[in-house]
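Taking it in order: structure first as structure tokens, then the write-up.
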Amino acid sequence: MNRRSFAQSAGGAAILSALGSSSAWAQPTEGTKPGKIMAIAAHPGDALFTMGAAVAQQIELGGAGVFLSLSIGEKGAPKNIPVQQYGEMQRTATQKACGLLGAEAIFLQYPDAEIPFNEESTLQVCDSIREHRPEIVVTHWSGSWHKDHQNCHLIVRDAVFYAGLETLSPSRPAHSVSKLFYADNWEDASNFVPDTYVNIEPVYGKWMQACDFYPMWRGQTGFFRYNDYYSSLAVMRGCLSGFKQAVALMSDSSQRTQRMQSL
Ligand SMILES: [Zn+2]
């Protein structure tokens, strides 16, 4: 069975189940309005490069977007820039990128490379989900070599669970997230199997511009060619889904169950 979905946005009824039908390619569902999407990443670059296009598309279609970075990614500093200064450059780049896309940028204060997976970090993210009340959350896939990414995945899964738990009452009312997706990240590629493709052609140029605020995107911090990789990946994912450019997401296993009267 073909489990891939092809969508104009990343949420709810707008997702079209392909199930082998060619008519599922490329047409939006009538009468659906995209909801709010929250991208939760270990580092600001992950948020914009791997989740940013899906957020931009959600906003383009009338939804809303929030980027939450658990750290400011300061330890990715090149040798000629002090760590704290680089962190502030990352923060500024994120604020500019979000300004361009029409999204909100928020940050937690964990040190880069030392993001803890514990009750305190999970409750902080839970609180942020309850405050911003997104229908959709996108975060890191678990198959990562990077410990911050692994921990972010675990934190978000538990935070989504906590956020919807009526009987857990720190500061804000409970909120249930409808959809949880994992992003297509070169550092999180182990066993990543995408099943949902979102058309990003309308926002591809704007998303490229947003990413260009980051020194890392412009090749100023290391060997990896972020710009070439993610701009090409969008084209490759587009080839697989019948769009000019697309992002591929992996849905949480809990939302793949289908309840049907017949096949
Ligand atoms: Zn990262």
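The values are calculated or read from the model by the stated rules, or taken from the named source; none is laboratory data. The structure displayed is predicted, hence computed values, not measured ones. We place every Cβ from the backbone using ideal geometry, glycine too, and count neighbours over all the protein chains shown. Areas reflect the complete protein model, heavy atoms only, side chains present, ligands, DNA and RNA absent. Shrake-Rupley method; radii C 1.70, N 1.55, O 1.52, S 1.80 Å.
Summary of computed values
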| quantity | calculated |
| --- | --- |
| Mean Cβ count within 10 Å, highest first, over the residues of peptides 203-216, 180-193, 229-242 | 203-216, 180-193, 229-242 |
| Calculated SAXS-style log₁₀ I(q)/I(0) at q = 0.19, 0.20, 0.24, 0.26 Å⁻¹ - region 166-206, Debye, Cα scatterers | -0.81, -0.83, -0.91, -0.98 |
| Solvent-accessible area, 1.4 Å probe, carbon plus sulfur percent, for the chain | 52 percent |
| Simple Cβ-charge dipole of the chain, Lys/Arg +1 and Asp/Glu -1, about Cα centre, in debye nearest 20 | 560 debye |
| Among A54, A41, A113, residue whose mean-square fluctuation peaks in a GNM of the chain (springs only between Cα atoms under 10 Å) | A113 |
| Within straight-line cross-link reach of K96, aspartates and glutamates at Cα separation under 19 Å, skipping those fewer than 8 residues along the same chain | D46, E60, E74, E88, E104, D212 |
| Residue-normalised accessible area of the chain, given per residue in Å² at a 1.4 Å probe | 45 Å² |
| MRE, 222 nm, helices only [DSSP H, n ≥ 4, -39500 (n - 2.57), over the chain, to nearest 500] | -10000 deg cm²/dmol |
| For the chain, built as a Gaussian network whose Cα springs stay under 10 Å, the top-fluctuating residue of H43, H153, H132 | H132 |
| Cα-based equivalent ellipsoid of the chain: semi-axis lengths in Å, sorted from largest, via gyration tensor | 28, 23, 16 |
| Environment charge at P82 (Cβ cut-off 13 Å; Lys +1, Arg +1, Asp -1, Glu -1) | 0 |
